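Visitor: Here it is, the structure in full.
The values are calculated or read from the model by the stated rules, or taken from the named source; none is laboratory data. As the structure is a prediction and not an experimental result, all values here were calculated from the model. For neighbour counting, all protein chains shown are included, and Cβ atoms are generated from backbone atoms with ideal geometry for every residue, glycine included. Calculation scope for accessible area: heavy atoms of the full protein, side chains included, ligands and nucleic acids excluded. Shrake-Rupley method; radii C 1.70, N 1.55, O 1.52, S 1.80 Å.
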Amino acid sequence: MLCDEVVRRKQKDVLNPRINGKINGRSFGKRAVKIMNEKPVIRGKWLELTLNEVHQGKTVEAILKEDLALSGRMIQRLTRQKGLFLNRKAPFLKKKGKKGDVLRVLIGDREEGGLTPENIPIDITYEDHEVLVINKQPGLIVHPIKPDQQGTLANGIAFYLASKGTPGKVRPVHRLDKDTSGLILIAKNSYIHHLLDKQLRENVIHREYLVLVKGKLADQQGTIREPIGQDPENPVKRKVVSTGEEAITHFQVEKEFAECSLLRVRLETGRTHQIRVHFNHIGHPVLGDTLYGNPHPHIRRQALHAYQLQFVHPLREELMSFTEEPLEDFQKLMEFEQKKGAVAKE
């Protein structure tokens, strides 16, 4: 298939996520390597850390903040919930630890998930005790946006987790638009979500998309830096506005057809509809995007697929990398555009 070349290709360019042990040009692993050396383990809903000489004389609060990357707000909540124990006793935060002490931190959810579990098929790319990576089908909203809304990806995940005997809150680390397909990262508890959200904010998590846009771009690769805010004339839409939030999109042209182009795109920020808004702004709307462009007779959604996801595992300090090829409708649209170009040349 046409997309196979793109998915498998390895290039050293503006989109390359990993160079010399870095992701997006940033070093990774200092915090996680330290944690791994201390060998924390997850036992059910608890993270258990056996203190060593590094922790000798450090307060419980310092260990939680410096070694486990917990925020002050999370520590306060754990204290209220009786979610902290040092040698099976609730400690004062200023108590100093010593080698051999066992610190236990509640990382599972005591509260109910709050979503109605629904038997919605989900395509799991990867799963372990901490994370889920899902290949989302188009037509699914990731999470309810209104009270009692059902039929979302989160409802399907809630059903899946409950069927395994591990019910809890569904915690997406990032979002995908309803009609965008591809990879999305889910944290299985609040602590893992906190660590992955930190990676997202620090641009450690790497997300790449394949997208078909109208026309041919002037440059083969580049970066769009235009702030995005709400469209004052349509609350559903977003647009480039001077008062909007910073939005950065990197792109590279992978293949040109007669009337459109296949792009590989990396997000540095994650604004609502960012790819769709940015390429519409520069005159190259996404094919099939009825909100920002026009419908297309050969695809019933925007031709946008989250094909690559990379992140550092928050506990094991491993670079996790996943790819999923575009769905059949995207592939057929590419084949149609290629055949149309061949006919035009004849």
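Visitor: Just read off the accessible area of Ile124 with the full protein assembly in place, 1.4 Å probe, to the nearest 10 Å².
Guide: 60
Visitor: Can you tell which of Gly215, Gly57, Gly288 shows the greatest fluctuation in a Gaussian network model of the chain with Cα springs below 10 Å?
Guide: Checking each option, the largest mean-square fluctuation is seen for Gly57.
Visitor: Shifting gears a bit: Cα gyration tensor of region 222-346, axes a ≥ b ≥ c as square roots of the eigenvalues: rounded (a/c below 1.5), prolate (a/b > b/c) or oblate?
Guide: Numbers: a/c = 2.00, a/b = 1.16, b/c = 1.72.
In terms of gyration-tensor shape, oblate.
Visitor: List the relative contact order of region 88-239 as a percent without decimals, with contacts defined as Cα pairs under 8 Å and 6+ residues apart.
Guide: Taking the mean separation of contacting Cα pairs over the length of region 88-239, I get 21 percent.
Visitor: Within the chain, what whole-number % of the accessible surface is contributed by carbon and sulfur, with the 1.4 Å probe and all protein chains included in the calculation? Please report the intermediate quantities before stating the final value.
Guide: Details: 8330 of 17450 Å².
The C+S portion of the solvent-accessible surface of the chain is 48 percent.
Visitor: Would you mind checking region 235-267 for residues with the amide N under 18 Å from a putative spin-label position 7 Å along Cα→C-beta of Thr290?
Guide: 235-238, by backbone N distance to the label point.
Visitor: Ignoring everything but the protein chains, give the 1.4 Å probe accessible area of His193 in square angstrom, nearest 10.
Guide: 50
Visitor: As a check on your grasp of the helix formula, calculate [θ] at 222 nm for the chain: sum -39500 (n - 2.57) over DSSP H runs of n ≥ 4, divide by the residue count, round to the nearest 500.
Guide: My calculation for the chain gives -6500 deg cm²/dmol from helical runs alone.
Visitor: Going from most exposed to least, what order do Asp177, Asp289 have by accessible area with a 1.4 Å probe?
Guide: Asp177, Asp289
Visitor: To continue, here is another question. Which of Leu304, Leu153, Leu333 moves the most in a Gaussian network model of the chain with Cα springs under 10 Å?
Guide: Leu333
Visitor: How many nm is it between the label spots at Lys95 and Thr243, if each spot is 7 Å from the Cα in line with the beta carbon?
Guide: Once both label points are built, they end up 5.2 nm from each other.
Visitor: May I ask you to derive the relative contact order of region 174-317, considering only C-alpha pairs under 8 Å and at least 6 residues apart, and to give it as an integer percent?
Guide: 31
Visitor: Students often get this wrong, so try it: which of (1) 1.11; (2) 1.84; (3) 1.27 is Cα Rg over 2.2 N^0.38 Å as calculated from the structure shown?
Guide: (1)
Visitor: Roughly speaking, what is the stretch gain from Glu118 to Val41, that is 0.36 nm per residue apart minus the C-alpha to C-alpha distance, in nm to one decimal? The partial results should precede the final answer.
Guide: Numbers: separation 77, 0.36 × 77 = 27.72 nm, distance 3.15 nm.
Roughly 24.6 nm would be gained on extension.
Visitor: Cut-off 10 angstrom, C-alpha nodes, Gaussian network model of the chain. Which of Gln302, Gln230, Gln310 fluctuates the most?
Guide: Ranking Gln302, Gln230, Gln310 by mean-square fluctuation puts Gln230 first.
Visitor: Give the relative contact order (percent, whole number) for the chain; include only Cα pairs under 8 Å separated by 6+ residues.
Guide: 16
Visitor: Which percent, nearest 5, of DSSP beta bridges in the chain are antiparallel?
Guide: If we restrict to bridges inside the chain, about 95 percent are antiparallel.
Visitor: 5 Å is the cut-off here: which amide hydrogens, built 1.01 Å from N in the peptide plane, fall below it relative to Thr180, excluding neighbours closer than 5 in sequence?
Guide: Gly139
Visitor: Could I ask something else about it? Once the whole set of protein chains is in place, how much accessible area is left on Lys237, using a 1.4 Å probe, in Å² to the nearest 10?
Guide: 50
Visitor: Give me the one-decimal nm value for the distance between modelled label points at Phe322 and Gln149, 7 Å along each residue's Cα-to-Cβ direction.
Guide: So the two model labels end up 2.3 nm from each other.
Visitor: Which FRET efficiency value, to the nearest 0.05, do you get for Thr223 and Asn87 by plugging their Cβ-Cβ distance into 1/(1 + (r/R0)^6) with R0 = 56 Å?
Guide: The computed FRET efficiency comes out at 0.60.
Visitor: Number of Lys-Lys pairs in region 88-168 under 30 Å by Cα, sequence gap 8 or more or different chains?
Guide: Counting lysine pairs in region 88-168 gives 5.
Visitor: Before I look further, what does the chain give for accessible area per residue, probe 1.4 Å, in whole square angstrom?
Guide: Averaged over the residues of the chain, the accessible area is 50 Å².
Visitor: Rounded to the nearest 0.05, what FRET efficiency do Glu233 and Glu66 have when you use their Cβ-Cβ distance and R0 = 51 Å?
Guide: Step by step, r from the Cβ atoms, then E = 0.55.
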